[in-house]
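Quick one: this structure, given as structure tokens, is what I'll be asking you about.
The values are calculated or read from the model by the stated rules, or taken from the named source; none is laboratory data. Bear in mind the structure is a predicted one, so any value in this text is a computation, not a measurement. Using ideal geometry, Cβ is built from the backbone for each residue, glycine included, and neighbour counts are taken over all protein chains shown.
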Amino acid sequence: MSKRRPVVRKRSHGVYATWDSDAKDLPRFIEVADHIPARIDIEFGMVVNIMQGKNCLLEYQIKHPGILDDAGRVRPAFEGQLYVKSNDWDFYLGDTIWSPIDDKLGTWEMSIQLDGTQVAQHSFEVYPEDPLPAVTESQSASEGLRLRTRRYQYQLMRLSLH
């Protein structure tokens, strides 16, 4: 009798509540997102469900846009492996943004392999969360509104190009 093949389904991807990796529960899902604002402590990633995969080797990788270590060198991709714990198992793969933000901007690619076969992949674009310019006393209200509108249109244009 041949062994049944595991079935992998992506349950969600996007922004999640802050997650404690030592906790038994997965992080709470907040919203679907492919574009992530570069905000300190924002949690993003994906959850997959694995059926009939108990004891299969799961390997994960997070390719980041070039995070620097303390010496200023680019860190390698984050990688790890573990064994699937049950025949109906949810797995969260994700990361968070921390200071400094500049080296976290760009494309993050997250992938999961099961027994050497890629079963899930998702890319996220982390973009700078620019505050809108304040209206100064020397500017009229309509002038300030024009500046804010231009910046908003620029951000939308930048997002649509990716």
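When you scan the stretch 67-85, do you find a residue that is aromatic (Phe, Trp, Tyr) and in contact with a Gly (Cβ under 7 Å, 6 or more places away or on another chain), even just one?
Checked against the condition, which is being aromatic (Phe, Trp, Tyr) and in contact with a Gly (Cβ under 7 Å, 6 or more places away or on another chain), the stretch 67-85 yields no hits at all.
Do we find a residue being among the acidic types (Asp, Glu), touching a Ser or Thr at 6+ places or on another chain (Cβ under 9 Å) and at pLDDT 95 or above anywhere in the stretch 35-50?
Residues of the stretch 35-50 among the acidic types (Asp, Glu): 41, 43.
Those left that are additionally touching a Ser or Thr at 6+ places or on another chain (Cβ under 9 Å): 41, 43.
In the following step, the residues that additionally are at pLDDT 95 or above were identified as 41, 43.
Yes - at least one qualifying residue is present in the stretch 35-50.
Would you mind telling me which numbered condition in (1) within 19 Å of Asp41 (Cβ to Cβ); (2) loosely packed, with under 12 Cβ neighbours inside 10 Å Arg73 fails?
It is condition (1) that Arg73 fails.
Shifting gears a bit: Select, from Ser111, Ser86, Ser99, the only residue that is among the polar types (S, T, N, Q) and surrounded by 15 or more Cβ atoms within 10 Å (Cβ to Cβ).
Result: Ser111 is the single residue among Ser111, Ser86, Ser99 that is among the polar types (S, T, N, Q) and surrounded by 15 or more Cβ atoms within 10 Å (Cβ to Cβ).
Scan the stretch 75-103 for residues that are more than 27 Å from Val119 (Cα to Cα) and among the hydrophobic types (A, V, I, L, M, F, W, C) and jot them down.
Once the filter is applied, which keeps residues that are more than 27 Å from Val119 (Cα to Cα) and among the hydrophobic types (A, V, I, L, M, F, W, C), the stretch 75-103 yields Trp98, Ile101.
Pairs please, first residue from the stretch 79-102 and among the hydroxyl-bearing types (Ser, Thr, Tyr), second anywhere and assigned to a loop (DSSP other than H, G, I, E, B) and surrounded by fewer than 14 Cβ atoms within 10 Å (Cβ to Cβ), Cβ atoms under 8 Å, 6+ apart in sequence or on different chains.
What qualifies is Tyr83/Asn55; Thr96/Thr18; Thr96/Asp41; Ser99/Ile40.
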